[in-house]
Amino acid sequence: MPSRESYEVHKEEKSLVQKAKREANQEDILAAALGMRMGPQKPPATFWQPLKLFAYSQLTSLVRRATLKESERTPKSEKVHNFKVHTFRGPHWCEHCASFMWGLMAQGVKCADCGLNVHKQCSSLVPDDCKPDLRHIRKVYSCDLTTLVKAHNTERPMVVDMCIREIESRGLTSEGLYRISGFSDSLEEVKMAFDKDGEKTDISVNAYEDINIITGALKLYLRDLPVPIISYDAYPRFIEAAKLTDPEKKLEAFREALALLPPSHSETLKYLMAHLKRVAQNEEFNLMNAENLGIIFGPTLMRAPNLDAMTALHDIRYQRQVVEVLIKKEDVLF
């Protein structure tokens, strides 16, 4: 009868054989994934170990991408990816086609907003389903509005909400509100604070007594947007609506133009116009009516898309009229 020691030795040998078989199968699978043809003389274990570590590190992203593809019921975010040419460290797999990304430099592209990695040729096939991740968002100012809103999971950019709340709490009766500019050094300070601290930024009266610094910071944020609040696609429709003289047709044209805005832009514009209407309602104290606010916010909220200088100059008066109508008719347009 075999001793207990020999039984344990046999059991351990059997376990080692099974482990070797599993590793051999894993190596075959990895070789297939890499498109390698294995001959009778297989590479040593030292060849496989680093490849295994990198390959297995990619499984999570591949599973994530596959889940997104298969889930038909998942609502689309309808935000395009912000792809940039990227050099990856170690082996990577395309999260669209699941094929290996060859090369030592600039193997593919990476979305700067959500981190999606794909071949350059696959980037045009990826659906507009970018889900921005705060880990990839480096700033607040000059960041695409939709990207910022989705990354923070809010209806509007926190800059707009925080500035408007502060202005309405202590500045609605301030003379020349939005017309008078704050000190440029202070505006830059607020901008840097928002970029660094986000919603933790202190813009209270204790930090900035002059309310014009807060209004200036809000206008600067709106001017710095890569795509204006009134987007380039919707711009021509708003200009044409402003040119109409019939009141009913004008309102209907404005509604149609508003429908062209991305959801985050529409929500932000709605919130801003309600605020500017409250500013205009305090004209007795701040001397700012809808027409004055239109002059200030027209070029801030809308910019002519790829038009020559003369056309852009001609549009300035209509930009003012667009904002004026949005303020005066805020209650029926939104």
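Which ones in the stretch 264-320 are outside any helix (DSSP H, G or I), more than 22 Å from Leu225 (Cβ to Cβ) and not aliphatic (A, V, I, L, M)?
If the condition is that a residue be outside any helix (DSSP H, G or I), more than 22 Å from Leu225 (Cβ to Cβ) and not aliphatic (A, V, I, L, M), then Asn282, Asn289, Asp308 are the ones that fit.
Yes or no: Ala274 buried (at least 21 other Cβ atoms within 10 Å of the Cβ) and small (Gly, Ala, Ser)?
No: the conditions fail for Ala274.
Within the stretch 145-155, how many residues turn out to be buried (at least 22 other Cβ atoms within 10 Å of the Cβ) and touching a Leu at 6+ places or on another chain (Cβ under 8 Å)?
Looking only at that region, the number is 1.
Residues to consider are Leu293, Leu269; find the one that is under 14 Å from Ala234 (Cα atoms) and either open to solvent by 40 Å² or more (accessible area, probe 1.4 Å) or assigned by the TED database to the domain that holds Gly171 (or both).
Just a single option satisfies the conditions, and that option is Leu269.
Report, by residue number, each residue of the stretch 156-188 that is outside any helix (DSSP H, G or I), surrounded by 14 or more Cβ atoms within 10 Å (Cβ to Cβ) and polar (S, T, N, Q).
Ser174, Ser181
Cβ-Cβ distance below 8 Å, separation of 6 or more or different chains: which pairs start in the stretch 264-277 with a residue that is among the acidic types (Asp, Glu) and end on one that is surrounded by fewer than 18 Cβ atoms within 10 Å (Cβ to Cβ)?
Partner pairs satisfying both residue conditions: Glu267/Glu155.
If Leu125 meets every condition in (1) touching a residue at least 12 places away in the same chain (Cβ under 8 Å); (2) part of a helix (DSSP H, G or I); (3) more than 24 Å from Asn292 (Cβ to Cβ) apart from one, which number is that one?
(2)
Going through the stretch 242-254 one residue at a time, which ones are surrounded by 13 or more Cβ atoms within 10 Å (Cβ to Cβ) and either within 15 Å of Ile327 (Cα to Cα) or not hydrophobic (A, V, I, L, M, F, W, C) (or both)?
Ala242, Lys250, Leu251, Glu252, Phe254
So Arg165 fits all but one of (1) in contact with a helix residue (DSSP H, G or I) (Cβ under 8 Å, 6 or more places away or on another chain); (2) within 25 Å of Asn282 (Cβ to Cβ); what number is the exception?
Exception for Arg165: condition (1).
Scan the stretch 189-230 for residues that are assigned to a helix (DSSP H, G or I) and in contact (Cβ under 8 Å) with a residue 60 or more places away in the chain and jot them down. It would help to see each step written out before you state the result.
Of the stretch 189-230, the ones assigned to a helix (DSSP H, G or I) are 189-200, 211-224.
Across the stretch 189-230, the qualifying residues are Lys219, Leu220, Tyr221, Leu222, Arg223, Asp224.
Residue by residue through the stretch 298-326, note down the ones that are touching a helix residue (DSSP H, G or I) at 6+ places or on another chain (Cβ under 7 Å) and free of Cβ contacts under 8 Å to residues at least 12 places away in the same chain.
none
Given the criteria farther than 19 Å from Met302 by Cβ, among the β-branched types (Val, Ile, Thr) and crowded, with 19+ Cβ neighbours inside 10 Å, does Thr201 qualify?
Yes, satisfied.
The values are calculated or read from the model by the stated rules, or taken from the named source; none is laboratory data. From a predicted model like this one, the values you see are computed outputs, not experimental measurements. Cβ: placed from backbone, ideal geometry, glycine included. Neighbour counts: every protein chain shown. The accessibility values were calculated without ligands, DNA or RNA, using every heavy atom of the protein model including side chains. Shrake-Rupley method; radii C 1.70, N 1.55, O 1.52, S 1.80 Å.
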